[in-house]
Amino acid sequence: MKKNDTPSIDNTPAQAEATFQLGTALRNRRQHLAMTLATLSKACGLSVPFLSQLENNRAAPSFTSLMRVASALGVGIEHFVKVPRPQEFVRRAKKPVVMDAGLPVRYERLSADHEGAQLDAYVLHVPAGQGHPKVAREGEGLWYVLAGQLEMTVGDESFILGPGDSAHIDQRHLHSVRASDAGAVKLLWSGTPRLF
């Protein structure tokens, strides 16, 4: 370990929480760039063991070390230490974030656009008789019906979900959903990977 790599271990709950968030953010950014710890080490001049400790929340960097890591990851230091403002992650009912997908279905985004975020969530307004044919994709999905009746097929099984019903599946299985002909459906969908 290099001299300037001496870690400072945090012991207070507040410090531990901050270190945990920082370590996660560092790892997410590095993986987003498809960088190895060795590559990052060469770019910032800090040792692989120290960088590993940072990512695994066993050390806290000095301000100088964090500046070097941030620069090597192509972001400013504020990327890791800035506390997001509520307007960046709070969704207000009076100001829905509507995704224009050019489809009959209306997508109101609930999830925020965090760096490295995997979870996605929407309120979907599906017109009567509309839906999507059988499809398989990576990740998982959870459908929760708020109003109306949703016809769903997973593999060879078909069923109807009404208000308060939900289904949580591995989306690698062939599945389809469709609003019944009787009326529109309003539902919450949450899953991975991101839709848009």
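The values are calculated or read from the model by the stated rules, or taken from the named source; none is laboratory data. None of the values given here were measured: they were computed from a predicted structure. Cβ placement follows ideal geometry from the backbone for every residue including glycine, while neighbour counts extend to all protein chains displayed. Surface accessibility is based on the protein's heavy atoms, side chains included, excluding ligands, DNA and RNA. Shrake-Rupley method; radii C 1.70, N 1.55, O 1.52, S 1.80 Å.
Each residue in the range 1-56 was checked for being out of contact with any Ser or Thr (no Cβ under 9 Å at 6 or more places or on another chain), basic (Lys, Arg) and at pLDDT 50 or above, and 3 pass.
For the range 126-145, a tally of residues being touching a Leu at 6+ places or on another chain (Cβ under 6 Å) and either surrounded by 15 or more Cβ atoms within 10 Å (Cβ to Cβ) or of a type in the set (A, V, I, L, M) (or both) returns 4. Taking the criterion of being of a type in the set (A, V, I, L, M) and farther than 13 Å from Phe80 by Cα, the residues of the range 21-68 that qualify are Leu33, Ala34, Met35, Leu37, Ala38, Leu40, Ala43, Leu46, Val48, Leu51, Ala59. Cβ separations smaller than 9 Å between residues 6+ apart or across chains give the following pairs from the range 36-47 residues that are closer than 13 Å to Ser71 by Cα and of a type in the set (Gly, Ala, Ser) to residues that are open to solvent by less than 60 Å² (accessible area, probe 1.4 Å) and part of a loop (DSSP other than H, G, I, E, B): Ser41/Ser47; Ala43/Met35; Ala43/Leu73.
Among the residues of the range 36-60, those identified as open to solvent by 30 Å² or more (accessible area, probe 1.4 Å) and not in a helix (DSSP H, G or I) are Thr36, Asn56, Asn57, Arg58.
Each row is one residue, and each column tells you yes or no for (1) more than 30 Å from Leu26 (Cα to Cα); (2) modelled with pLDDT of 90 or more; (3) within 24 Å of the chain's Cα centre (by Cα).
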| position | (1), (2), (3) |
| --- | --- |
| Val97 | no, no, yes |
| Ala112 | no, no, yes |
| Lys134 | yes, no, no |
| Gly139 | no, yes, yes |
| Ile160 | yes, yes, no |
| Pro163 | yes, yes, no |
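Annotation note: Cβ proximity below 9 Å between a residue of the range 66-79 that is open to solvent by 40 Å² or more (accessible area, probe 1.4 Å) and part of a loop (DSSP other than H, G, I, E, B) and a residue that is of a type in the set (A, V, I, L, M) and modelled with pLDDT of 90 or more (sequence gap 6+ or interchain) occurs for Gly74/Leu33.
Each residue in the range 114-125 was checked for being modelled with pLDDT of 85 or more and open to solvent by 50 Å² or more (accessible area, probe 1.4 Å), and 2 of them qualify.
The requirement of being touching a strand residue (DSSP E or B) at 6+ places or on another chain (Cβ under 9 Å) and among the polar types (S, T, N, Q) is satisfied by Ser62.
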